[in-house]
Amino acid sequence: MANTYHQIYLQTVFAVKYRKAVLDKAWRSQVFGVIGNLINEANCKTIIVNGVEDHVHCFLGLKPVVSVSELMKTVKAKSSKYINDHKLTAERFEWQEGYGVFSYHQSLVGTVFKYIQNQEEHHKVKTFGDEYLGLLKEFKIDYDAQYSFQELV
């Protein structure tokens, strides 16, 4: 659209169903590449995709014509299909229902990039649950604990 200018930076966070630690380091970066390509194919711009065994962070530039919910639906569905088609996990792979999405000012792009880039180091001292609830609190997002990411009991 002519004369439409935008700058929308979002971080999305989503987890493996029941937060199972099944994103193996041997193939994790391959799946993160697939997720980045899916974001780009949706006419958005992948800045970085990274995570650890049980969850993923995506940092992206969103086009205003793209729905966040449709983008996440596509990314999660097609990436889980990729994992299952390539038999990367012993059992059928699924992402947890839902996701977190957080917006950032352009001045924080470098900071958020480094944060996502250093997920392995970060999670040596902080659990995903603590990290996720920390983001919800930092962004002053009301949440219902029963709908937060579930762990396998």
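Any read-out appearing in this document is the output of simple, stated calculations on the displayed coordinates, not a laboratory observation. Given the structure is predicted, the values throughout are model-derived calculations rather than measurements. Cβ: placed from backbone, ideal geometry, glycine included. Neighbour counts: every protein chain shown.
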Legend entry - Nearby aspartates and glutamates by direct alpha-carbon distance to Lys25 (threshold 19 angstrom, same-chain neighbours under 8 apart not counted): Glu53, Asp54, Asp85, Glu91, Glu94, Glu120, Glu121
Legend entry - Convex hull (Cα only) mean projected area of the chain, reported in nm² to one decimal: 9.8
Legend entry - Approximate spin-label separation His122-Thr74, in nm, with each point projected 7 Å along Cα-to-Cβ: 2.5
Legend entry - the chain: calculated mean residue ellipticity at 222 nm from DSSP helix runs of at least 4, using -39500 (n - 2.57): -12000 deg cm²/dmol
Legend entry - 28 Å Cα-Cα threshold exceeded, pairs from Lys45/Lys76; Lys20/Lys137; Lys78/Lys137; Lys87/Lys126; Lys76/Lys137: Lys78/Lys137; Lys87/Lys126
Legend entry - Protection-proxy order for peptides 128-140, 50-62, each taking the mean of Cβ atoms within 10 Å per residue, highest first: 50-62, 128-140
Inset, instruction - Please state the charge dipole magnitude for segment 1-148, taken about the Cα centre, from unit charges on C-beta atoms (+1 on K and R, -1 on D and E), reported in debye and rounded to the nearest 20. - result: 240
Inset, instruction - Obtain the nm distance between the two label points defined at Glu53 and Ile8 by a simple spin-label model: each point lies 7 Å from its Cα along the Cα-to-C-beta direction. - result: 3.6
Inset, instruction - Extending each Cα 7 Å along its Cβ direction at Lys63 and Thr111, get the distance between those two points in nm, one decimal. - result: 3.0
Inset, instruction - Using the number of other C-beta atoms within 10 angstrom as an exposure proxy, rank Thr127, Thr12 with the fewest first. - result: Thr127, Thr12
